[in-house]
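The values are calculated or read from the model by the stated rules, or taken from the named source; none is laboratory data. These numbers come from a predicted model, not from an experiment. Positions of Cβ are generated from backbone atoms using ideal geometry, with glycine treated the same way; all protein chains shown enter the neighbour counts. Surface accessibility is based on the protein's heavy atoms, side chains included, excluding ligands, DNA and RNA. Shrake-Rupley method; radii C 1.70, N 1.55, O 1.52, S 1.80 Å.
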Amino acid sequence: MTKLWGGRFSQSTDALVNHFNASIEFDQRLWKHDILGSIAHVRMLGKTGIIDAADAQTIEQGLVDVRRDLEAGVSEFTEEAEDVHMNIETLLHAKIGPVAGKLHTGRSRNDQVATDIRLWLRDELGEIRMAVRRVQTRLIDLAERNIDIILPGMTHMQHAQPVRLAHQLMAYFWMLDRDAGRLAAAWDRADVLPLGSGALAGTTHPIDREFVASELGFSRISENSMDAVSDRDFAVETIAALSLVMMHLSRFSEELILWNNPEFGWVTMGDNVTTGSSIMPQKKNPDVSELIRGKAGRVYGNLVSLLTVLKGLPLAYNKDLQEDKEPLFDSVDTARICLDVLGVLLDNVTFHGDRMMEALRGDFSTATDLADFLVRQGLPFRQAHEVVGQIVKFCIQSGRPLEQLTNPELSEFSELFSQAPADLAGVLQSVDARNIPGGTARAAVEIQIEHAKAAIAHHTG
Ligand code: ARG
């Protein structure tokens with residue numbers, strides 16, 4: 001086995017220790033960003049005269065060749081070279097010989113890895129935000145197409161007040177909109193260049209950090225080398241933002257699972273997005289929604305993992321930090337596929353407005369409208385609540401649906417009802433009476449949808 005660690009070592013690394021120490025199995029995912037970082041670094045070394053301009057040129061070309069070989073699949077990473085940084089340097093050495101040894105001038109793997117992760121994360125966060133946007137666009141689309149479907153809105157999982165399906169779907173739009181905002185904030189937090197921090201204390205070479213930052217598209221450089229190489233708070237923020245994405249997707253999934261249950265029968269999921277049972281021939285299961293709900297747990301777990309890795313670390317770099325990558329990668333991958341697969345699911349669901357309307361029949365969900373009417377006639381709300389409560393009790397005892405009581409019948413509980421419009425307990429009047437910003441009236445939901453479209457255009461434009 002080769003000795004990578006130079007003169008200080010007189011024994012090669014134990015094979016098990018080497019295996020335990022190596023991160024190439026997972027950090028190879030950073031290889032393109034590692035090369036990008038190295039190209040920027042070596043350009044800076046040449047430009048500042050820290051190394052010979054011709055050597056810098058040779059190294060840059062070597063890195064380009066290494067990248068081409070990796071893309072073509074003709075070179076391989078090895079566990080002996082431990083991690084992505086040493087692997088790339090080893091491949092570079094094989095390509096251009098000892099001059100490759102000049103690349104690591106004025107830098108350390110500690111500032112290198114922090115740079116790689118930030119570079120990689122900015123790209124991934126861009127992708128995830130687009131995936132969030134795609135789901136939001138589908139929600140707008142579904143809301144527009146189903147604007148006239150009304151269903152029982154729930155509190156405590158009990159029929160509460162009728163709402164438009166569009167309104168309920170748009171609730172998830174706004175949750176995702178805040179998620180997109182948090183992902184943008186996480187991007188901004190990642191947008192800082194650590195390179196130039198060296199192992200922990202900076203470097204004696206006259207490096208040009210601003211040049212490297214502009215080469216790599218970072219808008220600013222880190223202010224403190226010890227902070228830059230050892231904190232991963234930006235990764236925690238990303239996983240926290242993704243945890244909230246997953247929490248929202250999980251809630252929506254739970255809703256779809258319930259609505260898909262035949263007792264509800266409010267939604268049908270296409271055969272292409274459901275799965276069967278190996279034993280029960282009749283089954284058609286909402287596995288996609290269940291898996292999204294389940295995978296929220298992984299991402300929360302990743303958040304706690306990384307926080308726990310970080311909590312006891314003294315400054316500056318510690319090898320514990322190598323444990324940052326898998327939770328971060330897994331969170332990004334999990335959120336991404338969940339968003340994408342939810343999009344496919346939403347393209348293949350049919351909402352059943354008739355079943356939802358049936359569920360509203362005799363469910364007392366317009367009782368508040370009766371009370372609000374009495375308030376408009378001057379009765380204090382608490383008294384109105386009491387009166388309508390008695391009406392509901394009467395309906396339950398006599399088996400009558402609220403919406404079928406006539407005005408004379410209602411007037412027996414309060415003469416104020418003699419002035420009531422005929423459809424006071426009707427579902428449609430109930431939703432459209434809530435015509436305030438943020439309400440469930442058709443006009444209000446239409447305005448909401450316009451605002452949603454503007455929000456999307458603003459963020460993606
Ligand atoms: N593979 C390491 C990591 O992910 C790179 C940095 C190693 N630095 C060190 N001093 N051993 O953290």
| For the chain, with every protein chain kept in place, what is the accessible area per residue (1.4 Å probe, Å²)? | 48
| task | Could you name the lysines whose alpha carbon sits less than 30 Å from that of Lys283, not counting residues in the same chain fewer than 8 places away? | result | Lys295
| task | With a Förster radius of 25 Å, plug the Cβ-Cβ distance of Gln28 and Asp347 into 1/(1 + (r/R0)^6) and report the FRET value to the nearest 0.05. | result | 0.15
| field | In Å², nearest 10: area of Lys102 left accessible to a 1.4 Å probe | value | 80
| task | State the extension gain, in nm to one decimal, for the chain segment bounded by Ser278 and His459, taking 0.36 nm per residue of separation less the distance between their alpha-carbons. | result | 60.7 nm
| query | Each label point is 7 Å from the Cα along the Cα-to-Cβ direction; what then is the distance between the points at Ala443 and Arg134, in nm? | reply | 3.8
| query | So which lysines can Lys393 reach, going by Cα to Cα under 30 Å and dropping same-chain residues fewer than 8 places off? | reply | none
| said: As I understand it, the value is the acute angle between the Cα axis of helix 84-96 and the longest principal axis of the Cα atoms of the chain; what does it come to in degrees, rounded to 10? | reply: 40
| Computed [θ] at 222 nm, deg cm²/dmol, the chain (DSSP H ≥ 4; -39,500 (n - 2.57); rounded to nearest 500) | -20000 deg cm²/dmol
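Ranked from highest to lowest mean number of other Cβ atoms within 10 Å per residue, what is the order of the peptides 15-23, 267-275?
267-275, 15-23
Pulled fully out, how much extra length does the chain show between Met154 and Gln383, if you take 0.36 nm times their separation in residues and subtract their Cα-Cα distance?
In short, 80.0 nm is gained.
Ranked highest first by average number of other Cβ atoms within 10 Å, how do 400-406, 83-89 line up?
83-89, 400-406
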| said: Angle check, please: helix 53-72 long axis (alpha carbons) against the longest principal axis of the chain (alpha carbons), in degrees 0 to 90, nearest 10. | reply: 50
| message | I want the local charge near Val99. Using Cβ-Cβ distances under 14 Å, sum +1 for each Lys or Arg and -1 for each Asp or Glu among the other residues. | response | -3
| Per-residue HN-Hα couplings for the stretch 111-116 [Karplus 6.51, -1.76, 1.60; θ = phi - 60°; Hz; x = Gly/Pro] | 7, 5, 5, 5, 5, 4
| query | What lysines could a cross-link reach from Lys32, if we take a straight Cα to Cα line under 22 Å and drop same-chain neighbours fewer than 8 places away? | reply | Lys95, Lys102, Lys325
| field | Estimated vicinal HN-Hα couplings, Hz - the stretch 371-377 in sequence order (Karplus 6.51, -1.76, 1.60; Gly, Pro = x) | value | 5, 4, 4, 4, 5, 4, 7
| Sites Asn18 and Asp320 - FRET efficiency at Förster radius 22 Å, r taken between beta-carbons, to 0.05 | 0.75
| Relative contact order, percent, the chain [alpha-carbon distance under 8 Å, six or more residues apart] | 15
| query | Roughly speaking, to the nearest percent, how much of the stretch 10-119's 1.4 Å accessible area is carbon and sulfur? | reply | 49
